[in-house]
Amino acid sequence: MLVRSLRSSLLRPRLPPSQALRAISTSSIRRQVQEITRPAIDTPLSLWNFTEEENMLRETVRRFAEDVIGPKVSKMDEEEKMDPEVIQGLFDNGLMGIETSADMGGSECSFTSAIIAVEELARVDPSVAVLCDVHNTLVNTVLRLYGSKEVQEKWLPDLATKKVGSFCLSEPASGSDAFALQTTAKLDSSGDFYTLNGSKMWISNSAEADTFLVFANVDPSKGYKGITCFVMSKDMGVEIAKKEKKLGIRASSTCLLSFDDVKIPKENIVGEVGKGYKIAIEILNEGRIGIAAQMVGLAQGAFDKSLTYAYQRKQFGKPVGEFQGMGFQFADVATEIEAARLLTYNAARLKEEGRPFTKEAAMAKYFASVIAQKAAGNAIEWAGGQGFVREVGLEKYWRDSKIGAIYEGTSNIQLETIAKFLRKEYQT
């Protein structure tokens, strides 16, 4: 058991800016403006400077991941199911409301804190990391930034303390082309409810979730400008039509959802009618930093496990890790993991400062997913036969790494995003 929960250890008076590096701003969120949770700094610091809160969080999450999640990883992967004790542990340690305000039951930490948490969880199990990531950087953030006061007060406290959230955007006919969604929400004659019909595909957290953010079109004649975001509970009519059996991140549920004449009160609209497409665009840019963090943590976890073995396994009279050819490979991958990590931290800090970060988030997500696959693949080879068997767990990192190039924007989508910024910069 953890000695202390994150929530109890972090909810304390803040240090004034003069007494702490990168002090966190507690200014209220402004509508239609990028949230600023950390002011820009006057004197440049390295990307390895963190607040006391962030360092404490890293230590807490690492201990929780190693002590509580670690012993359950293999079983959860084999059974393709998240252990309820792990989910409860995430809540107990304040990891399901990292940025949520204290008066809503959250830990009231920085965005970078959420990124650190995802990274540390992924070092042990990327499946747990993505559950935490989707819940925090997508579901909670949408409600914090766009929900009315009434919506926030109704939904955020439970999301911070006991109910898992799910983000429902993708559909069978709308993956990378997210705005081609066909799920509809029609206002009934009374004007009090919307009737939701359609289906959602590839939905993370959906088997464990009780709270769902669902994107639907209230007026298909307007195209993407009819897309609206709704918040609903599972008992309002969410049906799991199929749970996918996947190559990797098996303990993370991915399901096909059906909505048949589901009645949603109009007060459950998040943001404005017809503005759901803006919410989706902005929040996915932020979510990509979370996936980058997941891939960085995954790469580091595979690297750590394989090198520990390489310096213990002896051949020709010495540890295999001491051979020059192996050392060069270790150095190459270590450098690339660190580069991916710094890209990720940079995007997170830019987001906190309210500065443009879309290109940087795309770069971080793309590069981290590439390096995760490389690191995990090499880690298997470095461990030889031991890397190929399930018992050791290295092959799981490789299986888990493949999803990084697919969800929350494929690698080609990230490259196209980066290319658009380059065209804008260099075309005359």
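Read-outs throughout are calculated quantities, based only on the coordinates presented, and are distinct from any laboratory measurement. Just so you know, these numbers come straight off a predicted model, no measurement behind them. Every residue, glycine as well, gets a Cβ built from its backbone with ideal geometry; the counts of neighbours run over all protein chains shown.
Below, the figures for the structure above:
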item: Residues of the range 117-131 with amide N under 17 Å of the 7 Å Cα→Cβ point at D304; result: 117-130
item: The chain: relative contact order as a whole-number percent, Cα under 8 Å and 6+ apart; result: 16
item: Beta bridge orientation in the range 94-231: antiparallel %, DSSP, nearest 5; result: 65
item: Net charge of Cβ neighbours under 12 Å - reference F193; Lys, Arg +1; Asp, Glu -1; result: -1
item: Most positive-pole-ward Cα, M236, Q182, L256, against dipole of the range 145-273 from beta carbon charges; result: L256
item: Selected from M295, L247, T308, residue furthest toward positive end of dipole (the range 246-365; charges at beta carbon); result: T308
item: A241/I36 FRET efficiency (R0 45 Å; Cβ-Cβ; nearest 0.05); result: 0.65
item: Nearest-0.05 FRET efficiency for A331 and D261, computed from C-beta distance (R0 56 Å); result: 0.40
item: DSSP bridge orientation in the chain - percent antiparallel, rounded to nearest 5; result: 85
item: Efficiency of FRET between L187 and R313 - r from beta-carbon atoms, R0 56 angstrom, step 0.05; result: 0.30
item: Residues in the range 85-103 reached by a label modelled at K75 [backbone nitrogen below 16 Å; 7 Å Cα→Cβ]; result: 85-89
item: Directionally averaged projected area (convex hull, Cα atoms, the range 93-202), nm²; result: 8.4
item: Average projection area in nm² (convex hull over Cα atoms of the range 352-426, one quarter of hull surface); result: 6.5
item: When each of K243/K402; K278/K402; K351/K420 is checked by Cα-Cα distance, pairs over 22 Å; result: K278/K402
item: Highest-MSF residue in the chain out of E78, E108, E395 [GNM, Cα springs under 10 Å]; result: E78
item: Charged-residue dipole, Cβ positions (Lys, Arg, Asp, Glu), the range 166-259 about Cα centre, Debye nearest 20; result: 360
item: For the chain, size of Cβ-based charge dipole, Lys and Arg +1, Asp and Glu -1, in debye; result: 560
item: Computed [θ] at 222 nm, deg cm²/dmol, the chain (DSSP H ≥ 4; -39,500 (n - 2.57); rounded to nearest 500); result: -14500 deg cm²/dmol
item: For the chain, the longest site-free run once chymotrypsin sites (Phe, Trp or Tyr not before Pro) in DSSP loop states with at most 12 other Cβ atoms within 10 Å are removed; result: 49-315
item: Extension gain (nm, one decimal) between N412 and A102, 0.36 nm per residue minus Cα-Cα; result: 107.7 nm
item: Loop-exposed trypsin sites (Lys or Arg not before Pro) per DSSP, neighbour cap 15 Cβ within 10 angstrom, longest uninterrupted part of the chain; result: 32-161
item: Partners for K305 among lysines (Cα-Cα distance below 17 Å; same-chain residues under 8 apart left out); result: K72, K314, K374, K396
item: Ratio of the Cα radius of gyration of the range 242-383 to 2.2 N^0.38 Å, where N counts its residues; result: 1.45
item: Local net charge near R390, Cβ-Cβ under 11 Å (Lys/Arg +1, Asp/Glu -1); result: -2
item: Simple Cβ-charge dipole of the range 330-407, Lys/Arg +1 and Asp/Glu -1, about Cα centre, in debye nearest 20; result: 300
item: Farthest positive-ward along the range 316-406 dipole, Cα basis, beta-carbon charges - from Q386, A368, G325; result: A368
item: Where labels lie 7 Å past Cα in the beta-carbon direction, separation of K222 and T195 in nm; result: 2.0
item: Distance from the range 105-173 to the range 199-272 (C-alpha centre basis), Å; result: 15
item: Radius 10 Å from Cβ of S74, net charge of other residues (Lys, Arg +1; Asp, Glu -1); result: -1
